[in-house]
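Here the structure comes first, spelled out in C-alpha cells, and everything after it is commentary.
All of the numbers you see were taken from the coordinates with simple rules; none came from a lab. No experiment lies behind these values; they were computed from the predicted model shown. Backbone-built Cβ (ideal geometry, glycine too); neighbour counts: all protein chains shown.
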Amino acid sequence: SRPLLNRMKRAAFRNKVLLACLLLFAISLFHRVPLRVVAPCEVLPLDPLVVTAPLDGVVAEAVVTPGEFVEQDDLLFVYDKRVALEELEVARMQVEIIKSSLNRARMQAFGDPNARAEIVLLEHRLEQEDARLDLAEYNVSKLEVRAEGAGQTVIDDPHEWRGRPVQVGERVLMIVDPEKTKVRVW
C-alpha cells in the first residue's frame with residue numbers, strides 16, 4: 001500500500017503543478033504588456049518614382065522643395081542652358097557650312113573631276129553633322145526636367161543642387177505617394 005500512496009502523492013503534486021501553471025498562464029493573459037519597442041527606424045516609400053539626370057551637365061536650379069506636392073509635367077529642375085545652346089548653334093552653323101560646300105562642289109562637278117569625288121565626302125560629312133545637330137536639339141529639349149507622375153518630392157537641400165554637375169542616370173530626387181510607405185527598423 002506504500003507504493004500506492006506514493007503514486008497518489010506524485011499525482012496530486014503533478015496536478016498542483018499543472019494547476020499552478022494554468023493559473024500563471026491565465027494571469028499572464030490579463031497582464032498588460034506594452035506593444036512598443038524603441039529602435040532606430042526609417043520611413044521609406046513603397047514604390048518611388050526616381051528622377052535621374054537625363055544628360056550630362058550642370059544643374060542651374062532645383063525648382064521644387066522637399067515635401068512639395070507636384071503634379072505630372074510640373075517643372076522639377078533646370079540645367080544650365082548656355083553650353084547646350086552653344087552646341088546647338090555650332091551644330092547648325094556646321095550643317096550650313098557643309099551644305100554650302102556641297103552645293104559649290106556640285107556646281108564645280110560639271111567641269112572638275114576632283115569636285116565630283118569631293119561630293120561623296122561632303123555628303124557623308126553632312127550626314128554626320130545632321131546627326132550632331134539632332135543630338136544637340138535633343139539635349140536642348142531635355143534642359144527642363146518635368147515630373148512623370150504626381151506625388152511628394154524627396155530631395156536633399158535644393159540649394160546644394162545649384163551649380164552642381166551631374167552625369168546621365170545620376171539620381172536627383174524622388175517622387176513618392178505619401179499613402180504608400182513602409183517602415184524599416186534597424
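For segment 70-165, which GluC sites (Glu not before Pro) pass both filters: DSSP loop (anything but H, G, I, E, B) and at most 15 other C-beta atoms within 10 Å? Provide the component values of the computation, followed by the final result.
Values: sites: Glu71, Glu86, Glu87, Glu89, Glu96, Glu118, Glu123, Glu127, Glu129, Glu137, Glu144, Glu148, Glu160; in loops: Glu71, Glu148.
Listed in order of number, the matching sites are Glu71, Glu148.
Taking 0.36 nm per intervening residue step and subtracting the Cα-Cα distance, what contour gain separates Phe110 from His124 on full extension?
So the extension gain works out to 3.0 nm.
Please list, or write none, the aspartates and glutamates whose alpha carbon is within less than 18 Å of the alpha carbon of Lys180, excluding same-chain residues fewer than 8 places away.
In chain and number order, the partners are Glu42, Asp47, Glu68, Glu71, Glu148.
Near Lys182, which lysines are there with a Cα under 25 Å away, not counting those fewer than 8 places off in the same chain?
Of all the lysines, none pass the test against Lys182 - Cα under 25 Å, at least 8 places apart if same chain.
Lys142: which lysines have alpha carbons under 16 Å from its alpha carbon, excluding same-chain residues fewer than 8 sequence positions away?
Here the lysines satisfying the reach criterion relative to Lys142 are Lys81.
What ³J(HN,Hα) values, in whole Hz, does the Karplus curve 6.51 cos²θ - 1.76 cosθ + 1.60 give for segment 87-97 when θ = phi - 60°, with x put for Gly and Pro?
5, 5, 5, 5, 5, 5, 5, 4, 4, 5, 4
Taking all pairs of distinct Cα atoms, average 1/r, flip it, and tell me the Kirkwood hydrodynamic radius of segment 18-118 in Å to one decimal place. Display every interim value, and only then the final one.
Numbers: mean 1/r = 0.0448 Å⁻¹.
Computed over segment 18-118, the radius equals 22.3 Å.
Pick out which of Leu143, Leu19, Leu55 has the largest mean-square fluctuation in a Gaussian network model of the chain, springs linking Cα atoms closer than 10 Å.
For the chain, modelled as a Gaussian network with Cα springs under 10 Å, the answer is Leu19.
Loop-only chymotrypsin sites (Phe, Trp or Tyr not before Pro) in segment 110-161, please: DSSP not H, G, I, E or B, and at most 12 other Cβ atoms within 10 Å.
Phe110
Would you kindly derive the ³J(HN,Hα) couplings of segment 23-39 from the backbone phi angles with the Karplus curve 6.51 cos²θ - 1.76 cosθ + 1.60 (θ = phi - 60°), listing them in order in whole Hz, with x for Gly and Pro?
Going residue by residue, I get 5, 5, 4, 5, 5, 5, 5, 9, 6, 7, 10, x, 9, 9, 9, 8, 7 Hz, with x marking Gly and Pro.
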